[in-house]
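**Q** Sharing a structure with you now.
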Amino acid sequence: MIASTIMIASMIMIASMIMRVPMCASTGMTPSDQHLSPAPQHSIKLTKQTSRNVLRWSVHPACKNTGHTAGVILLILAICTFIGYSFASFFWALFSAFVLFASLARFFLPSSYILTENHIETRFLFITQRRRWSVFRRVQLSKNGIFLSPFLRHNRLENFRGLLLLCGENRTEVLEFAKNRLQKNT
């Protein structure tokens, strides 16, 4: 029982490394994110801006990274098959498929972002999160997108209180927009 649990946990870690999806879904920050790196390959859909002060886009990583998507789906099927045979139960295989899909939902499902003069709006599934620009003090470029932190300096709590904006080809545009908004707040 313990060996199968260890094996499942290691397979989940391998899947997240293959996809380069952050383990912390809210921010995705790691200590190595302090440097600039090339933009990740995400499927991005830019909508027409309604005004100069609004920026909208959607990111769907699974559509752009079809090789990673196929590999992750095969890995999920392998893990579910292993669990189904280990516990001799189709229920546990389905349950493990649900848990794995839910843990990788940011990769499989699209996320939408709207940046305005007053707030940032993120949409994922049925959840809409709106935060004011006045909450954030620092913008930082990371390998997964642009990270907005409520702290002036690096802090251990920023992974829980910050916001990661996944970007694609519009990375520089989003970075400039965020920097301009944070400069207006200070």
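The values are calculated or read from the model by the stated rules, or taken from the named source; none is laboratory data. The model shown is predicted, which means the values in this text are computed figures rather than measured ones. Note that we place each Cβ from the backbone using ideal geometry, even for glycine, and neighbour counts take in every protein chain shown.
**Q** Report, ordered by the first and then the second residue, all pairs with beta carbons closer than 6 Å, sequence separation of six or more or different chains, a first member in region 163-186 that is polar (S, T, N, Q), and a second member that is surrounded by 12 or more Cβ atoms within 10 Å (Cβ to Cβ) and part of a helix (DSSP H, G or I).
**A** Filtered contacts from region 163-186: 185/133; 185/134.
**Q** Name every residue in region 105-139 that is of a type in the set (Lys, Arg), in a strand (DSSP E or B) and touching a Leu at 6+ places or on another chain (Cβ under 8 Å), in order of residue number.
**A** Across region 105-139, the qualifying residues are 131, 138.
**Q** Same structure again: In region 156-169, what count of residues is obtained for those that are modelled with pLDDT of 85 or more, surrounded by 14 or more Cβ atoms within 10 Å (Cβ to Cβ) and not hydrophobic (A, V, I, L, M, F, W, C)?
**A** So the answer is 2.
**Q** Turning to a different aspect of this structure: Which of the residues spanning region 140-155 are outside any strand (DSSP E or B) and crowded, with 20+ Cβ neighbours inside 10 Å? Full working, then the answer.
**A** Filtering region 140-155 down to residues outside any strand (DSSP E or B) leaves 143-144, 150-155.
Answer for region 140-155, where residues must be outside any strand (DSSP E or B) and crowded, with 20+ Cβ neighbours inside 10 Å: just 144.
**Q** While we're on this one: So residue 80 ticks every box in (1) surrounded by 20 or more Cβ atoms within 10 Å (Cβ to Cβ); (2) under 26 Å from residue 183 (Cβ atoms); (3) more than 14 Å from the chain's Cα centre (by Cα) but one. Which box is left unticked?
**A** With (1) surrounded by 20 or more Cβ atoms within 10 Å (Cβ to Cβ); (2) under 26 Å from residue 183 (Cβ atoms); (3) more than 14 Å from the chain's Cα centre (by Cα) applied to residue 80, the lone miss is (2).
**Q** Which of (1) touching a helix residue (DSSP H, G or I) at 6+ places or on another chain (Cβ under 8 Å); (2) under 24 Å from residue 65 (Cβ atoms) does residue 120 not meet, given it meets every other one?
**A** With (1) touching a helix residue (DSSP H, G or I) at 6+ places or on another chain (Cβ under 8 Å); (2) under 24 Å from residue 65 (Cβ atoms) applied to residue 120, the lone miss is (2).
**Q** Could you run through region 89-104 and say how many residues are touching a residue at least 40 places away in the same chain (Cβ under 8 Å) and part of a helix (DSSP H, G or I)?
**A** In the first step, residues of region 89-104 are kept if they are touching a residue at least 40 places away in the same chain (Cβ under 8 Å); the result is 96, 100, 103-104.
Filter once more, so that each one left must be part of a helix (DSSP H, G or I): 96, 100, 103.
Going through region 89-104 one residue at a time, the tally reaches 3.
**Q** Of the residues 114, 73, which is farther than 19 Å from residue 181 by Cα and modelled with pLDDT of 90 or more? If you could, list the steps in order and put the result at the bottom.
**A** Numbers: 114 fails: farther than 19 Å from residue 181 by Cα.
On inspection, the qualifying residue turns out to be 73.
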